[in-house]
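Everything on this sheet refers to the single structure shown next.
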Amino acid sequence: MKEKEKRIIEASIKLFAKKGFNATSVQEIVDECNISKGAFYLHFKSKDALLLSILNFYYEKLFSSVYALDEEVNDARSRYMNQLIYFYEFITEHRDFIIMQIREKSIPFNKEVETFVHKMQRETFYFHRKSLVSVYGEDVTPYISDLTKMIEGIHHSFLEIIIFNQFELTFKEVAQYIMDRVDGIVEDLLARKPRPLIPASFGEDIYGKERTTFLSKNEQVKQALEEIKHLLDNSDHISDEHADSFHILQTELKKDKPTAAIVKGMVGNLTELKPLEEPLNLLTALLQQK
């Protein structure tokens with residue numbers, strides 16, 4: 001994001017939280033930023049477009065920080081609790097802006113907003129699903145979609161309480177309470193083994209493949225490698241040479257300083273397989289980032 005765009009967004013957030021979206025004019029925004037109206041419309045075609053950019057700005061900031069926590073704690077349970085706590089802290093920090101938009105119903109419903117909502121739902125679903133598997137292991141896989149939707153509902157309910165400040169709750173207390181309740185649900189599911197209500201493939205069926213831009217570079221590389229491995233494991237046309245190339249590539253990328261020539265050579269060998277084109281292109285783009 002360009003520096004001027006970020007300045008407009010940050011100034012607008014303050015004004016919208018204080019005065020409301022409808023009561024804030026473009027003129028007030030440009031006065032706050034000390035820019036011209038022409039400069040504003042160079043970056044945002046309308047106030048509605050600005051609001052959508054703010055929503056994306058909030059969401060990207062939130063998930064970038066959440067996934068950064070992913071690398072700080074090795075214990076999956078503690079990591080997930082820390083991430084839930086950060087969610088609540090972030091929402092509290094920006095609650096005035098959120099409440100104002102809810103009260104004014106200022107968010108327009110159009111194709112761009114629909115795309116944003118879908119992205120938000122997909123990201124949230126995969127975040128919880130991945131965390132639940134990390135905490136409870138592969139045994140919960142048959143029930144992972146059921147569990148994910150249940151914890152989304154619990155999580156949203158507590159977020160509503162936090163946003164509107166209906167009760168005084170510590171965020172650690174909320175995260176601990178949620179995890180304790182999920183422990184009981186998981187224990188009961190694994191003991192009784194009922195038929196899952198929602199298929200484990202729900203995420204892929206509704207949202208498409210898990211692919212987030214909010215993960216760290218290392219996590220995105222790991223995700224791309226996992227996708228390549230999955231495609232290779234399910235391919236009828238893989239040769240020993242392709243399997244060896246992937247093994248060498250995977251081993252090389254685990255090093256602190258991978259040898260670029262080896263990586264390039266192994267990627268080149270694997271590009272012969274058409275189904276690997278997309279994840280290989282993503283992997284190449286990630287490795288080119290500084």
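Some observations on this one:
- Cα gyration tensor, the stretch 109-170 - rounded (a/c under 1.5), prolate or oblate: oblate
- Links that overshoot a 30 Å alpha carbon limit, given the list LYS14/LYS209; LYS61/LYS222; LYS130/LYS172; LYS14/LYS222; LYS193/LYS274; LYS14/LYS149: LYS14/LYS209; LYS14/LYS222; LYS193/LYS274; LYS14/LYS149
- Projected label distance in nm at GLN121 and ASN22, using a 7 Å step from Cα toward the beta-carbon: 2.7 nm
- Axis of helix 76-93 versus longest Cα principal axis of the chain: the two differ by about 20°, to the nearest ten degrees.
- Placing one equal scatterer on every Cα of the chain and applying the Debye formula, the log10 ratio I(q)/I(0) at q = 0.08, 0.13, 0.16 Å⁻¹ is -0.46, -1.08, -1.32.
- Prolate/oblate/rounded call for the stretch 125-206, Cα gyration tensor, a/c under 1.5 rounded: prolate
- When the surface is traced with a 1.4 Å probe over the full set of protein chains, GLU187 keeps roughly 130 Å² accessible.
- Take the Cβ atoms of GLU5 and SER134, set R0 to 51 Å, and the FRET efficiency comes out at 0.90.
- Across the chain, Cα pairs under 8 Å and at least six residues apart give a relative contact order of 17 percent.
- Placing a pseudo-label 7 Å from each Cα along the Cα-to-Cβ vector at HIS94 and ASP256 gives an inter-label distance of 3.7 nm.
- Accessible area of the stretch 92-156 belonging to carbon and sulfur atoms, whole % at 1.4 Å probe: 58 percent
- Portion, in percent, of the accessible area of the stretch 169-290 that falls on carbon or sulfur, probe 1.4 Å: 53 percent
- Using a probe of 1.4 angstrom and keeping all protein chains present, the accessible surface of the chain works out to 57 square angstrom per residue.
- For the stretch 20-74, trypsin sites (Lys or Arg not before Pro) are listed when DSSP marks them as loop and at most 12 other Cβ atoms sit within 10 Å of their Cβ; the list is LYS45.
- Compared with the alpha-carbon gap, the fully stretched path from ASN110 to TYR177 is longer by 20.4 nm at 0.36 nm per residue.
- At R0 = 35 Å, FRET efficiency that the Cβ-Cβ distance of ASN34 and SER64 yields, to 0.05: 0.80
- Tilt relative to the chain, helix 277-288 - C-alpha long axis, 0 to 90 degrees, to 10: 70 degrees
- Within-13-Å neighbourhood charge of PHE164 [Cβ basis; K, R +1; D, E -1]: -1
- Chain lengthening between GLU152 and LEU287 when straightened (0.36 nm per residue, less Cα-Cα): 45.2 nm
The values are calculated or read from the model by the stated rules, or taken from the named source; none is laboratory data. This structure is a prediction, so every number in the text was calculated from the model and none was measured. Ideal geometry is used to build each Cβ from the backbone, glycine not excepted, and the neighbour counts take in all protein chains shown. When the accessible area is computed, the model is the full protein with side chains, heavy atoms only, and any ligands, DNA or RNA have been set aside. Shrake-Rupley method; radii C 1.70, N 1.55, O 1.52, S 1.80 Å.
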